[in-house]
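Remarks on the structure that follows.
The values are calculated or read from the model by the stated rules, or taken from the named source; none is laboratory data. This structure is a prediction, so every number in the text was calculated from the model and none was measured. Reconstructed Cβ throughout: ideal geometry from the backbone, glycine too, with neighbour counts over all protein chains shown.
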Amino acid sequence: MPWNRFSGSLSSPKVDVAIDMGHPFLNLTLDGFLKIGTVAASRAAAEDAYHVVRKGNVGRHNFKQTLKKMCKEGAYWGTVAGVYVGMEYGVERIRGSRDWKNAMIGGAMTGALISAATSNDKDRIMIDAITGGAVATAAEFLNYLT
């Protein structure tokens, strides 16, 4: 029986913006904020563009609402990413090693911190800490595969 193979590579463009804040912690945190904030803002713009095209209603009000949503989503997810990257860096510095455990601890701390900022429910904070740790660990393991 003949075998067919598919071979190839997929690469995305890499864009780095270097802003030197004077300390690696600040550099990494700002980099995470900018990259993920841009992704979140782009997602919000694409989602609203879909709704505008679907409804066929293009207007100044829609543009303002889209811009507000882009700023809000970009700031929120950029902040979450910045906190996570900073936490992971701090854990790495404290532990003195670079492995998946830093992602797990950093994700759990980020989930708990973001949740505590928006809720006083202890169960919700714990669930968000577990979720943050699990997602960060899974992402780290996926990075090891590539």
Report summary line: The condition from (1) under 19 Å from the mean Cα position of the chain (by Cα); (2) basic (Lys, Arg); (3) modelled with pLDDT under 95 that LYS72 misses is numbered (3)
Requested in this report: Find the helices (runs of 4 or more DSSP H) located wholly in the stretch 48-146 whose residues include 3 or more that are polar (S, T, N, Q) and closer than 29 Å to PRO24 by Cβ, and list them.
Outcome: 100-118, 122-145
